[in-house]
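One structure below.
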Amino acid sequence: MSIAADASFRHLMAQRAFLRLWLARLTGTTANQMLMVAVGWQMYDLTGSAWDLGLIGLYQFAPALLLSLWAGHVADRHHRGRIVACCLAAQCAAALVLMQASRTQWASRELLLGVSLLLGSVRPFQMSAQQALTPLLVPLALLQRAMAFSAVGLQAAIIGGPALGGLIFIAGADKVYGTGAVLLALGCLLMWRLRYRHVPPPLEPVSLQTVLAGVRFIWHRKVVLGAISLDLFAVLLGGATALLPMFARDILHVGPEGLGLLRGAPAAGALAVSIVLSRWPLRRRVGRTLLIAVALFGGCMIAFGLSTSFALSLAALAISGGADMISVVVRQTLVQLETPDGMRGRVGAVNSVFIGASNQLGEFESGATAALLGPVGSVLAGGIGTVLVALTWWRLFPALAWRDRLEAPAPKGTS
């Protein structure tokens, strides 16, 4: 049945459980972004080391790599809203520790890395459960709109969080952490009160076979494998988030406020694109659009690396965020459409490993290459690598490149 665009959007707005999840993600992501601005700036103040900035990403990625598959199994067996609530509570506790450490002047390199390790440990549980929730809260016909509208809130938080964190940092790091703790507590309360029809699966022993089921599922769905691996390698090579404190201070000569704007610029472009996609979803040639968007992302990173103008750098980062948003919506919608509910937690766990690698491990890669090539050389090399990845994936995954529509696969035996 064909539904008018405005009617479909109004229908989405009537899904109260989905809106509760949306608000919880908005507050939680805003707080997390504020914390990352403060942690990055504090670390660079304490050590002045690109390597230590990269270690923040590595310390968040390493536990996620070890725990993600188990986290997916947990998300497929237990109430996903309660899992997310517990993860937000743990992040709130970490923010309170950082607030007290900043007030009493005992914040250190080791503490910041320890908190990064804690955040990395809870993130796979949160992501596995959170990604698997949306299809339970909206009709499948609204799923692409729901993914795009979720991205609106996510990107608004990624814009507002760093900018707000940078401004509050002027009054002290403890004020940033305190504000983040309040927002995380609010998100925890919203998720704890989330209601949906949860049917516990039949009891089965935890085994290597059940834990690895998501890996096998993705391996046999080449379109999904191509989409999430494309995101892995593109952002792993092309991301520059970990180096933004260096660009802000040493190349663009701006302070914490400027750093907050640089961190928020990609989200500004992503927000604009996600608003468009939530009202006018992609209809045709989604695979080709995805690959072109990834190549554009790489080109923007090249422009950012070469820029010495704050305005030009903001523009390049904003366009890169818009291109990346197309990738996010296509990839996440494909994964949810092609995965049965009983597998969504485990498939989401594998997806979270890819996302974690492309973000946290990408930050470590950026810091390590910047230590060797300098920040400009690191960003240029990554941008060129991202363009080459998009061209390579066009040949490696033709089913993805020529995917026309975002629709659920037809049941076997139908034509």
> Among the residues of region 358-399, how many are under 19 Å from Arg331 (Cβ atoms), at pLDDT below 85 and not polar (S, T, N, Q)?
Replying inline: 3
> What about Met343, is it under 28 Å from Arg77 (Cβ atoms) and either crowded, with 23+ Cβ neighbours inside 10 Å or in contact (Cβ under 8 Å) with a residue 12 or more places away in the chain (or both)?
Replying inline: yes
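Given Ser102, Ser68, which one is over 22 Å from the mean Cα position of the chain (by Cα) and either assigned to a helix (DSSP H, G or I) or among the aromatic types (Phe, Trp, Tyr) (or both)?
Ser102
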>> Here's a check for you: in region 152-191, which residue that is touching a Cys at 6+ places or on another chain (Cβ under 9 Å), surrounded by 23 or more Cβ atoms within 10 Å (Cβ to Cβ) and small (Gly, Ala, Ser) is nearest to Leu133 (Cα to Cα)?
In response: Gly187
>> Just the residues that are in contact with a Gly (Cβ under 8 Å, 6 or more places away or on another chain) and crowded, with 21+ Cβ neighbours inside 10 Å, please, taken from region 93-115.
In response: Ala95, Met99
>> What are the pairs with Cβ atoms under 8 angstrom where one residue, in region 315-328, is within 12 Å of Ile302 (Cβ to Cβ) and of a type in the set (Ser, Thr, Tyr) and the other, located anywhere, is crowded, with 24+ Cβ neighbours inside 10 Å and at pLDDT below 90? Sequence gap at least six, or different chains.
In response: Ser320/Gly238; Ser320/Pro266; Ser320/Gly269
> Of all residues in region 116-134 being within 21 Å of Ser49 (Cβ to Cβ) and of a type in the set (A, V, I, L, M), which is surrounded by the fewest Cβ atoms within 10 Å (Cβ to Cβ)?
Replying inline: Leu117
>> Cβ-Cβ under 7 Å, sequence separation 6+ or interchain: first residue in region 216-244 and within 26 Å of Gly374 (Cα to Cα), partner at pLDDT 80 or above and of a type in the set (Ser, Thr, Tyr). Which pairs?
In response: Asp231/Ser327; Ala234/Thr386; Leu237/Thr386; Gly238/Thr386; Leu243/Ser378
> If you take the residues in region 277-332 that are buried (at least 20 other Cβ atoms within 10 Å of the Cβ) and of a type in the set (D, E, K, R), which one is farthest from the chain's Cα centre (by Cα)?
Replying inline: Arg331
>> Among the residues of region 245-255, are any crowded, with 23+ Cβ neighbours inside 10 Å, touching an Asp or Glu at 6+ places or on another chain (Cβ under 7 Å) and not polar (S, T, N, Q)?
In response: no
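The values are calculated or read from the model by the stated rules, or taken from the named source; none is laboratory data. Keep in mind it's a predicted model, so treat the numbers as computed, not measured. In this analysis, Cβ positions are derived from the backbone assuming ideal geometry, glycine residues included, and neighbour counts consider all displayed protein chains.
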